[in-house]
Amino acid sequence: VKVYLQEASAVGAPGISPVLDLAWRSGMTVPPAEATCDGIAVLGYFAGLDRFTQELDAYRVRIPRELPLEVGIRPCVPDCESREELVAKVAYCVTLGARGVSFYNYGMMPAVSRGWVLEALSQARAAP
């Protein structure tokens, strides 16, 4: 399965918003050329709910609805400072129609953040 990956940064997103306007630096175009991928994986490494939703909105506008979207989230500092923030981010991914949410990095995140992941997924699954 081909996946088209847009990089934010391992140390957080640059100040430029939306970040996807920097895709050309990695040789990518958004949306991708037809038949070049089976889905889009976005690194949602953005601190604060406002920045997170702003960035994902920019992707959703440019990515065809029929192309599956997956969002990677880092459920700990510097991107998430609370359980409530992570729950809201995962819920927003559901609202956008994301087919998947993944979390980075279980081995390095504090134990409390793993609990936030369970809570966020539980609430997302229970949503109508």
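Return a whole-number percent for the relative contact order of the range 78-128, with Cα pairs under 8 Å and 6 or more residues apart as the contact set. The value is 56 percent.
Which whole-number percent gives the relative contact order of the range 37-77, counting Cα pairs below 8 Å spaced six or more residues apart?
Numbers: 33 pairs, mean separation 25.8, N = 41.
For the range 37-77, the relative contact order is 63 percent.
Largest first, the residues TYR104, TYR92 sort by 1.4 Å accessible area into TYR104, TYR92.
Considering the range 36-78 at the alpha-carbon level, its Rg and Dmax are found to be 11.2, 34 Å.
Under conditions of 10 °C and 1.306 mPa s, the chain yields 107 µm² s⁻¹ as its translational diffusion coefficient, taking Rh as the Kirkwood radius over Cα pairs in the Stokes-Einstein equation. For the chain, the carbon plus sulfur part of the accessible surface works out to 57%, probe radius 1.4 Å.
Starting from 0.36 nm per residue, how many nanometres of slack lie between ARG65 and LEU96 once their C-alpha separation is accounted for? The partial results should precede the final answer.
Details: separation 31, 0.36 × 31 = 11.16 nm, distance 0.96 nm.
Fully extending the segment from ARG65 to LEU96 adds 10.2 nm.
As a length-normalised measure over Cα pairs under 8 Å and 6 or more apart, the relative contact order of the chain settles at 24 percent. Extending 7 Å from the Cα toward the beta-carbon at both SER17 and SER82 defines two label points whose distance is 1.9 nm.
Near PHE103, the amide H atoms lying under 5 Å from its own belong to ILE73; only residues 5 or more places off or on other chains count, and H is placed 1.01 Å from N.
Relative to the longest principal axis of the chain, what angle (0 to 90°, nearest 10) does the C-alpha long axis of helix 49-62 take? Roughly 30 degrees, rounded to the nearest 10.
Determine, from the Cβ-Cβ distance of LEU49 and VAL112 and an R0 of 25 Å, the FRET efficiency 1/(1 + (r/R0)^6), rounded to the nearest 0.05. Mind showing how you got there, number by number?
Working: r = 19 Å, r/R0 = 0.75.
FRET efficiency, LEU49 to VAL112: 0.85.
Over all Cα atoms in the range 89-128, the spread is summed up by Rg and Dmax: 10.8, 32 Å. Principal-axis analysis of the Cα atoms of the chain puts helix 83-95 at an angle of about 40° to the longest axis.
The values are calculated or read from the model by the stated rules, or taken from the named source; none is laboratory data. Note that the structure is predicted; figures quoted are calculated from it, not measured. Note: ideal-geometry Cβ built from the backbone for every residue, glycine included; neighbour counts use all protein chains shown. All accessible areas refer to the heavy atoms of the entire protein, side chains included, with ligands and DNA or RNA removed. Shrake-Rupley method; radii C 1.70, N 1.55, O 1.52, S 1.80 Å.
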